[in-house]
1. Collect the residues in the range 177-197 that are farther than 13 Å from Gly556 by Cβ and either open to solvent by 70 Å² or more (accessible area, probe 1.4 Å) or at pLDDT 85 or above (or both), keeping them in residue-number order.
2. Considering only the range 440-457, state which residues are out of contact with any helix residue (DSSP H, G or I) (no Cβ under 7 Å at 6 or more places or on another chain), in a loop (DSSP other than H, G, I, E, B) and open to solvent by less than 20 Å² (accessible area, probe 1.4 Å).
3. Please go through the range 410-433 and pick out each residue that is touching a residue at least 60 places away in the same chain (Cβ under 8 Å), touching a strand residue (DSSP E or B) at 6+ places or on another chain (Cβ under 8 Å) and either assigned to a helix (DSSP H, G or I) or of a type in the set (Lys, Arg) (or both).
4. Considering (1) assigned to a loop (DSSP other than H, G, I, E, B); (2) at pLDDT 80 or above; (3) β-branched (Val, Ile, Thr), say which one Val290 fails and leave the rest.
5. Identify, by number, the condition in (1) out of contact with any Phe, Trp or Tyr (no Cβ under 8 Å at 6 or more places or on another chain); (2) of a type in the set (Gly, Ala, Ser); (3) modelled with pLDDT of 70 or more; (4) surrounded by 15 or more Cβ atoms within 10 Å (Cβ to Cβ) that Ala604 doesn't meet.
6. Condition first: open to solvent by 10 Å² or more (accessible area, probe 1.4 Å), polar (S, T, N, Q), out of contact with any helix residue (DSSP H, G or I) (no Cβ under 6 Å at 6 or more places or on another chain) and more than 13 Å from Leu421 (Cα to Cα). Can you find one or more residues in the range 499-509 that meet it?
7. Which of (1) at pLDDT below 80; (2) surrounded by fewer than 19 Cβ atoms within 10 Å (Cβ to Cβ); (3) more than 30 Å from Asp201 (Cα to Cα) does Phe620 not meet, given it meets every other one?
8. If you go through the range 118-156 one residue at a time, how many are on the phi > 0 side of the Ramachandran plot and out of contact with any His (no Cβ under 7 Å at 6 or more places or on another chain)?
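The values are calculated or read from the model by the stated rules, or taken from the named source; none is laboratory data. Note that this is a predicted model, so its numbers are computed, not measured. FYI the Cβ positions are ideal-geometry reconstructions off the backbone, even for glycines, and counts take in every protein chain you see. The accessibility values were calculated without ligands, DNA or RNA, using every heavy atom of the protein model including side chains. Shrake-Rupley method; radii C 1.70, N 1.55, O 1.52, S 1.80 Å.
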Amino acid sequence: MLGFVPPLPQQPGRPPSSGHMIVCGDDALARRLAVELRFIYGERVTLLLPPGRDANSPETPLTQRGRAAALFGRMSAAMNRAGNGNGATGGGTTGGSGDTNAGVEAVRIMEAPEPSDDVLEEAGIDRAAALALVYDDDERNIRAALTARRLNPRLRLVIRLYNRKLGQHLEELLDQAAAVAMPGIDPALLDASTTVLSDADTAAPALAATALTGSSKVIQAEGLLLRAAERPPPGPGEHADPGLCTLALLSSTTNDPAGAEGSDSSGDEAPQLLPDERAVAETTGRGTVVLEAISRADPARPATRMGGRGAPLAQIFSRRLRWSALGFALAAVALVIASLLTTEDTALHSAYLTLLDLLGMNDPAEDAPPARQIIQILSGVAGLLLLPLLIAAVLEAFGTLRTASSLRRPPRGLGGHVVLLGLGKIGTRVLVRLRELDIPVVVVEEDPEARGIPLARSLHVPTVIGDVTQEGVLEAAKIYRARALLALTSIDTTNLEAALYARSVKPDLRVALRLYDDEFATAVYRTLRTAHPQALTRSRSVSHLAAPSFAVAMMGRQILGAVPVERKVMLFAALEVAGHPQLEGHTVEQAFRAGAWRVLAIDATPPADRNPDLAALPPFDPEGDATPPPSGLVWDLHPGYVLRAQDRVVIAATRRGLAELLRRQRSAVPGR
């Protein structure tokens, strides 16, 4: 069943053009990805959705097609309002052939329960350039990927998988299948033929960072570590430290209680990505996001033990029992020392006799000296205390083992922790991230069979099972002593209700909400900032954070990572200079396009000696010289350094800026 999104009609039955892209999915990420490819990169897109459910159902007020059409309408309107914002040229709604918005064909929507052979052939799999499989079910994505690789070995596959280890094996298998089907394929093309990504892994660092005061935004990929930090506006007479460079200016309403968290549709009030030095100097009262450091990533350190099969003594035996055992041991040592001082026995024999006396196994010392008899009596009394101690130890160990499979309750006196709502895919990854940072966490989950419950049990994370909208649930999580609330359930209204109630209990609580809709997020942000102007409020959309990574992978590139700037996203990518007329032959200073892209580091190693791992290269120090370095990775760049075709650069870019770079590259290189 085919359908097209109004008001951009297309002739019914018209087959998709060669080189188009197909997106298959069943949730918000699929629709966001289709929007990203269509309205940012100008690609022709076919979106395959499962059949819409009952439109009268209160849980799903819109069918799948209706949801997509509504999203496309809002996004196209936002793109029209934004115009050529962020400094990028070539409107985001133009097609690959350069048509204007009025003549652009819409996203082609198909409905089918499964991406079967017939459905994929009808979608044009044999002529497609790339296919994204972003169903919420790993098994469905794997099955469809194997089918697609068989139908079109040259197809570029981007697959969403939650299971990391399985994803690595699947990527190797599909790459091998492509190599067998196309002998002699370019290794670079083969490397980009299959990309396995996880929206949970992409979004988790950004979501976890919102709960931490003064935390850095860290991207670690390809062996590089890029660290950015959000800084408040400087006070009167103060000068903000620009770091290596200023990546963004936060929205002008950041300190306005009635302001809005900036998104693509916020106009002049929105945050400015990649501003030039003049814009930074002339702007006052705005916070900034600065790049603090680019360095080699630390070698993989052993995982921190956060709980496992074996439990330490402190978790098996109570503190009172451990003190009692220590007292008994000291008494036994004292008896051995007394026996040594009063008799002529050796230390080993004295310890042996004392142990027999403690256990009541020694014969009475009738013919022994009085000192020996007194020590035996004292040992017998101490031995009487050993029996209840052993019984208590057995009972406590049995109780601990019996409750090891049960969830831990929040302990008394807990404070300074993060309350995490929801243990689905996203919440589980965020929980792992917070524990890696040694942040105390209390989890609230309504479903006792949720995906992350076994992990919370194994990590001994305090967990409250209950509906967060019910009275007493957040109190059980000690919300009044918490440092932050992360509301990460998949229901926007539930997250909002939990945030409002938590703020009524603790007005200065840091709150981060998972919200899908930008307009709804703006209204929520304004309400919470007006009611509690001194508290920090953030809203994040998982699909909005993850969609750029999937879109760039569809274009044959893999970005290093994404950093959220309020409701906008900034991308970090590694690109070959060759084929980019905006970079090749220009100096670093000339290649900078305010609001679009900025060169951060250069890998000047000859292509034949290049290593995919950027941090495996020796760093080169130009010492203020603009001459080309022989090889190595440069991140303290001289503005006069001329970019050469053989260089590889690490750039920060907006979504539109990166899309323009890729479009210009395709038009500059014959055959693309």
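1. Val180, Pro183, Gly184, Pro187, Val196, Leu197
2. Ala450, the sole residue that qualifies.
3. Once the filter is applied, which keeps residues that are touching a residue at least 60 places away in the same chain (Cβ under 8 Å), touching a strand residue (DSSP E or B) at 6+ places or on another chain (Cβ under 8 Å) and either assigned to a helix (DSSP H, G or I) or of a type in the set (Lys, Arg) (or both), the range 410-433 yields Ile426, Gly427, Val430.
4. The failed condition is (1).
5. All conditions are met except number (1).
6. Yes, the range 499-509 contains a residue that is open to solvent by 10 Å² or more (accessible area, probe 1.4 Å), polar (S, T, N, Q), out of contact with any helix residue (DSSP H, G or I) (no Cβ under 6 Å at 6 or more places or on another chain) and more than 13 Å from Leu421 (Cα to Cα).
7. With (1) at pLDDT below 80; (2) surrounded by fewer than 19 Cβ atoms within 10 Å (Cβ to Cβ); (3) more than 30 Å from Asp201 (Cα to Cα) applied to Phe620, the lone miss is (2).
8. So the count comes out to 0.
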